Amino acid sequence: MEPQFKAIADHAVLVTFAKDVSEEAHNSVIALDNAIAADTPVGVIETVPALVNLLVSFDPIMTDHITIEEHIRKCLNGLKTKVITGVQRHIQVCYEASFAPDLGAVASATGLSKDAVINAHLAGDYHVLMYGFSPGYAYLSGVAEQIQVPRKPAPVRDVPAGSVIIAGPQCLITTLTMPTGWSIIGRSPNAIFTGDPTHPFLFDVGDNVTFERIDLATFESSNRKIDHG
Amino acid sequence: MADAVFSVSFAGPLVTVQDAGRPGNMRYGVSASGPMDRLAYDAANAALGNPQGSTAIEISLGGLMLQCKEGAVTLAITGGDFVVEHGTQKTSSWTVLTISKGERIAIRAGRAGSWAYLAFAGCVVSKDWLQSQATHSTSGFGGGAVQAGHSLTISDATICDDRLGEIVQPDFTSDGPIRIVTGPQDHHFSEGATERLVTETYQVTDAYDRMGMRLSGPLLELDGALSIPSEPIVRGSIQVSGDGVPTVLLADHQTTGGYPKIATVISCDTDRLAQFRAGQSLRFTSISSPQAIDDVRTFLTQKTQYLRDISVPRGSLAQRLMRENLIHGCVFD
């Protein structure tokens, strides 16, 4: 499919690469996002990458849809989607029972042992697709097929920040105490909000993520480090 | 310059600290936040001669009561038609007054509007997040909610006698239908849905907060049960859930979502719409995207001129009487 352009109100252009989610479409989104970051037209405020499209928002005093669309077309002509390599990020996960209330349910739903679920989760090759829902909620693709479970019929309230949750092919590390209908299988001491003003969020869209299993003692010492800055 | 300190005697829900917001973080799931009515917020700062983007308090229909515990400061109140009680004096919003130690001020919902702005001649002392004090209501990050029992400190509090009195209200905002540009998924709706959106009347429901405003009215049926890949959302997006009910997303919107969006409200009308109340009726009108740019540019040009006009100090009472007398050539008997 040729990239499609849609004018959004007076202040954005939405570029769509495909109707359905695919790795190819997402790579095009990231490639265009990088191209615009490298050569940002006057008046652009921000770009927002998602699964199959990129939003380019602008100041209507300084530019307009037509100028932005022309610039994007120029970027698309020189786009190289094959060279996309995100940064590799390592995330620690503690699968201790008190942090993983749904591990048993995922195990029985998939016919695996709890350890097999954990190992399947650790074996996944994860990729940051986009942020959404709440600040710092990064959607990772790559949950192994044998542990893909649907969302719960009703969300559970007050799920603590740092929870590692899965639904279908996606995995997420929560950043706030929030409700979720996803299955909670562990907790990470690694903060997505880094506290570093130059790089406030741990992941960028396009990064790759691997999980490392830690025990409770390691979790608590890592968590203490965060608490004390 | 000294501090002015207030204790919060009462604050309704959704009374928050806001500055101009934190654009540029949508890619990390963070909407810009900032005031629901950016014109009224800018006017409150302009009327005090504050730099644009200075931190202020956004007041919901629940209202706000403050008592000054220390110092004194001049403040401005704009926004919807709210009632302002200062000691025994009762005025309406769009006013500048000075409050001193021991005095109370109450700002309550009046006849119209959903949000009022309280700006101070000084700096609101507040937490920031990602270089902004704007409160992101669902996470509570930024300056945060203003709640009863809190204390509110204004540093470098100033008294500006030459700014007291009524603030001239903007007269250039449209009172016509809310302007929208259709799309990006208008093609996913049943025939007639877009037509219905711009010909029928909709009502604001009480499912209305800083994230969005659900509307009631004729349903906008999707063309089959449709699910689109989650995509970016903007302030003003009109997303339609599976039951055909439209919701206009506002300052603290989610940054991505999978509901189809039939249209987007243009930026200046997003702020005007935010002042509507539950039960109030509204109509939409569809314009082209070039027209949207033209309309918003006209609005922003008028807004800049207006803010410049109201930021000029009017002088002391004596100076003002003098000037009025000279201009009108009449003398008080």
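Taking the conditions (1) crowded, with 22+ Cβ neighbours inside 10 Å; (2) within 14 Å of chain A (Cβ to nearest Cβ) in turn, B:Thr138 satisfies each one other than (1). Residues in region A:161-172 include at least one that is in contact with a Gly (Cβ under 9 Å, 6 or more places away or on another chain), over 27 Å from B:Met211 (Cβ atoms) and surrounded by 14 or more Cβ atoms within 10 Å (Cβ to Cβ). Across region A:19-53, the qualifying residues are those that are among the hydrophobic types (A, V, I, L, M, F, W, C), more than 30 Å from B:Lys303 (Cα to Cα) and at the interface with chain B (Cβ under 8 Å from one of its Cβ atoms), and the one among them that is surrounded by the most Cβ atoms within 10 Å (Cβ to Cβ) is A:Ala50.
Put simply, of B:Asp209, B:Asp171 the only residue that is among the charged types (D, E, K, R) and without any contact (Cβ under 8 Å) to a residue 60 or more places away in the chain is B:Asp171.
Suppose we keep only residues that are within 14 Å of chain B (Cβ to nearest Cβ) and open to solvent by less than 40 Å² (accessible area, probe 1.4 Å) within region A:65-112. Which one would you say is farthest from B:Pro184 (Cα to Cα)? Among them, the one singled out is A:Gly86. In summary, helices (runs of 4 or more DSSP H) completely within region B:232-333 and bearing 3 or more residues that are at pLDDT below 95, over 18 Å from A:His65 (Cβ atoms) and open to solvent by 10 Å² or more (accessible area, probe 1.4 Å) occur at B:317-328. Just need a number here: residues in region B:11-38 that are assigned to a loop (DSSP other than H, G, I, E, B), open to solvent by less than 10 Å² (accessible area, probe 1.4 Å) and touching a residue at least 60 places away in the same chain (Cβ under 8 Å). Residues meeting the conditions: 9. Restricting attention to region B:40-53, and to residues there that are buried (at least 22 other Cβ atoms within 10 Å of the Cβ) and either touching an Asp or Glu at 6+ places or on another chain (Cβ under 7 Å) or not acidic (Asp, Glu) (or both), which single residue is farthest from the other protein chains (Cβ to nearest Cβ)? This residue is B:Leu48. Inside region B:90-128, residues that are open to solvent by 40 Å² or more (accessible area, probe 1.4 Å) and either under 20 Å from B:Val168 (Cβ atoms) or aromatic (Phe, Trp, Tyr) (or both) make up a count of 4.
Within region B:48-55, does at least one residue satisfy the condition of being among the hydrophobic types (A, V, I, L, M, F, W, C) and within 19 Å of A:Phe58 (Cα to Cα)? No, because not a single residue in region B:48-55 is among the hydrophobic types (A, V, I, L, M, F, W, C) and within 19 Å of A:Phe58 (Cα to Cα).
Residues in region A:113-136 that are surrounded by fewer than 23 Cβ atoms within 10 Å (Cβ to Cβ), within 18 Å of the chain's Cα centre (by Cα) and either assigned to a loop (DSSP other than H, G, I, E, B) or within 14 Å of chain B (Cβ to nearest Cβ) (or both): A:Gly124, A:Asp125, A:Phe133, A:Ser134. The residues of region B:258-268 that are touching a helix residue (DSSP H, G or I) at 6+ places or on another chain (Cβ under 9 Å) and more than 9 Å from chain A (Cβ to nearest Cβ), listed by number, are B:Pro260, B:Ile262. Screening region B:150-205 for residues that are in contact with a Ser or Thr (Cβ under 8 Å, 6 or more places away or on another chain) and at positive phi and picking the one that is surrounded by the fewest Cβ atoms within 10 Å (Cβ to Cβ) gives B:Gly165.
One residue stands out in region B:39-54 among those that are among the small types (Gly, Ala, Ser) and assigned to a loop (DSSP other than H, G, I, E, B): the one that is farthest from B:Val15 (Cα to Cα), namely B:Gly49.
The values are calculated or read from the model by the stated rules, or taken from the named source; none is laboratory data. These numbers come from a predicted model, not from an experiment. All Cβ positions, even for glycine, are placed from backbone atoms using ideal geometry, and neighbour counts span all protein chains on display. Surface accessibility is based on the protein's heavy atoms, side chains included, excluding ligands, DNA and RNA. Shrake-Rupley method; radii C 1.70, N 1.55, O 1.52, S 1.80 Å.
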